[in-house]
Amino acid sequence: MLFQLKVKGYQLLATLSKWLGKLIPVNNPILFCGKDASLEMCDAVVQLGHKRLLLVTDEVLLNMKLTDKVIAQLTSQSIQVSIYSGVQPDPDTKQVAQGTKTAIENHCDGVLAFGGGSSIDAAKAIAACVTNSKTAQQLAGIFKVKQAILPLYAIPTTAGTGSEVTPAAVISNSESHKKEVIIDPKLTPRMAALDCNLMLELPPAITAATGVDALTHAIEAYISTNATDHTNELALSAIKLIFKLLETAVTNGKNVQARQSMAMASYYAGMAFSRAGLGYVHAISHNIGAKYAVPHGIANAIILPQVLDFSLPNIEDKLANLARLTNIVDNGVSDKNAAKTFIAAVRQMIKSMGIPHYFENLEAKDIPELARSALKEAHFTPYAVPKYLDQMGCENLISKMMKA
């Protein structure tokens, strides 16, 4: 009875969130697409009158010289580029603080994110910290970014997070080792470049993990009770592209069409979940990722089928629609069988790309706290999930992901 009352409360929060969401402006970035789109965006940035930009990236991309053309394009037009390359996977508050210090010391008037979701999330937090004179910890939460951030531009080098179009940044707390989310429309980049040339050398394992991340964004947005016709259009487009071309991008990384299409799928999925929200996959993933340093895409891949199994009674028609959309089943197959077939196809896709179905280091003693933290994130953000978990149910679900 108590849980049912809580569910009613969560549903009310989700409904309020949906209506509030309609009143909050969505700032989609100006988009540049295709080969050398990153250089085209640089030219556009120059026209805005910037003098000093902070390039936020990681050491791997810097050493691979992937940033060279972008830096040359900017410096050739009299823009001074300072570099912060200390971003690590799942960036933490210390990295944001160091990047903020670099931006202030070099009097930067804009921030250019270059890399995967970690670099873009770090860049968002840095751009906000500089103008708000606050730490990332102080900005964590919803609508706490009071002042406009430094003008932010994004060049994603992976096709997965969709961070180039979202109003959120996920940052790990260096002290608590828990992931915290900064959510504010001001965090959305002004411009983004989807440049397939920068993704051609991406290793298969990273291509797979980031691709499943995009798939998770799209599916969670589609099954969200906050979904709209517009977010459904975006989510369905993303899911169709991912099912068609992700495995090609993994096995043949030089395939330009697959790379560019996956970049667009990630972008569509990012737009969809920015409005419709996410769900239990991300709530659990954020906490397991922070606890065991599991890459976000891998965590999502392990969790996604389990959450779909749990939610199946409430989303059978939607999953059946996805099965037909992706040509997994014929139109004559019943919704029940089609939905189950879709979940099986998701599992098979993940398995075929070499991603395990369990967490190597997950320990039973950690599960209660992981469940509590995940439910706290999901129920009070709020995530508009189609079926609600209680503490015991969440613990049971997580336990299914332990290594046998």
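The values are calculated or read from the model by the stated rules, or taken from the named source; none is laboratory data. In this text, all values refer to a predicted model and were calculated from it rather than measured experimentally. When we count neighbours, we look across all protein chains shown, and the Cβ atoms used for this are built from the backbone with ideal geometry, even at glycine. Side chains included, ligands, DNA and RNA excluded: accessible areas come from the protein's heavy atoms. Shrake-Rupley method; radii C 1.70, N 1.55, O 1.52, S 1.80 Å.
Couple of notes before you dig in:
- Residues within region 173-209 that are of a type in the set (D, E, K, R), modelled with pLDDT of 95 or more and surrounded by fewer than 19 Cβ atoms within 10 Å (Cβ to Cβ), tallied: 1
- Screening residue 33 on (1) over 21 Å from residue 158 (Cβ atoms); (2) at pLDDT 95 or above shows it passes everything except condition (1).
- Test for residue 291: is it closer than 18 Å to residue 171 by Cβ and surrounded by fewer than 23 Cβ atoms within 10 Å (Cβ to Cβ): yes
- Residues of region 116-142 that turn out to be of a type in the set (D, E, K, R) and closer than 18 Å to residue 163 by Cβ, as a count: 2
- Enumeration of residues in region 68-80 that are within 17 Å of residue 36 (Cβ to Cβ), out of contact with any helix residue (DSSP H, G or I) (no Cβ under 6 Å at 6 or more places or on another chain) and part of a loop (DSSP other than H, G, I, E, B): 76
- When the residues of region 148-171 are filtered to those that are open to solvent by 20 Å² or more (accessible area, probe 1.4 Å) and assigned to a strand (DSSP E or B), the one that is nearest to residue 30 (Cα to Cα) is 168.
- Here residue 395 does not qualify as outside any loop (DSSP other than H, G, I, E, B), free of Cβ contacts under 8 Å to residues at least 40 places away in the same chain and open to solvent by 60 Å² or more (accessible area, probe 1.4 Å).
- Here the condition is being of a type in the set (D, E, K, R), closer than 25 Å to residue 173 by Cα and modelled with pLDDT under 95; of 90, 121, 58, it holds for 90 alone.
- Hits in region 241-279 (condition: open to solvent by 40 Å² or more (accessible area, probe 1.4 Å), charged (D, E, K, R) and more than 14 Å from the chain's Cα centre (by Cα)): 244, 247, 254
- Hey, residue 94 open to solvent by 70 Å² or more (accessible area, probe 1.4 Å), charged (D, E, K, R), in contact with a Ser or Thr (Cβ under 6 Å, 6 or more places away or on another chain) and more than 22 Å from residue 202 (Cα to Cα) or not: yes
- Put simply, of 170, 165, 145, 212 the only residue that is modelled with pLDDT under 95 and among the β-branched types (Val, Ile, Thr) is 170.
- With respect to being within 18 Å of residue 198 (Cα to Cα), touching a strand residue (DSSP E or B) at 6+ places or on another chain (Cβ under 6 Å) and in contact (Cβ under 8 Å) with a residue 12 or more places away in the chain, residue 99 falls outside the description.
- Residue among 236, 187, 215 that is farther than 21 Å from residue 304 by Cβ and touching a helix residue (DSSP H, G or I) at 6+ places or on another chain (Cβ under 7 Å): 187
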